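The values are calculated or read from the model by the stated rules, or taken from the named source; none is laboratory data. These numbers come from a predicted model, not from an experiment. In this analysis, Cβ positions are derived from the backbone assuming ideal geometry, glycine residues included, and neighbour counts consider all displayed protein chains.
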């Protein structure tokens, strides 16, 4: 479906990071109305909560074809959930593998919780699609990023809410390099520039150092993955990926 054929409504899980920014553009290209939802779950840094405002505003200002489709933004406070996790995302802990072999940045069930809240919101807002940036190709080993997990959740949500939601994961089979290519395919160099300058990925909340791939500390797992993807895309000649 192209932008001349708007469909139903979607809610995008939007953190202000690279992946969710690309997902927002992807949804705006496909759906007649797109709302965003963000979660305050006690993150170590508030940088991403600020970044998401900037990215949303820039998306509407720089892409008039999408501006009329971008609807309300919702912030849900779930700090009680974040307090349970005790991970490197919510507390001052080292970035390392845990005894279970998972990264210390893994917040157990975070995507499942986010999507459940988003589904409850979608039920009230009349949205049919839930869009998230989960990915199996270039990911950090999080079990709730797997499509198998999301398929099971989709079925549970639809059974439990008597709905017919779709959990859309446009990045599921893409590498980070291909995610940059998708951004270019959706919005050209203007969207690449927006994501490069305004989105936030760094786990440490660092915005002082500007690298070729954007802002960040440069050595946390999120920065390393983003940098690797950028380098791979640049080395490939910065091609566009069909949206």
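The residues of the range 129-167 that are under 24 Å from residue 242 (Cα atoms), surrounded by fewer than 22 Cβ atoms within 10 Å (Cβ to Cβ), touching a strand residue (DSSP E or B) at 6+ places or on another chain (Cβ under 7 Å) and in contact (Cβ under 8 Å) with a residue 60 or more places away in the chain amount to a single one, 129.
Of all residues in the range 193-217, those that are surrounded by fewer than 19 Cβ atoms within 10 Å (Cβ to Cβ) and either assigned to a helix (DSSP H, G or I) or in contact with a strand residue (DSSP E or B) (Cβ under 6 Å, 6 or more places away or on another chain) (or both) total 3. Scanning the range 15-27 for residues that are more than 17 Å from residue 125 (Cα to Cα) and in contact with a strand residue (DSSP E or B) (Cβ under 8 Å, 6 or more places away or on another chain) yields 15, 16, 18, 20, 23, 24, 26.
Residue 80 falls short on exactly one of the conditions (1) at pLDDT below 95; (2) over 22 Å from residue 226 (Cβ atoms); (3) in contact with a helix residue (DSSP H, G or I) (Cβ under 8 Å, 6 or more places away or on another chain), and that condition is (3).
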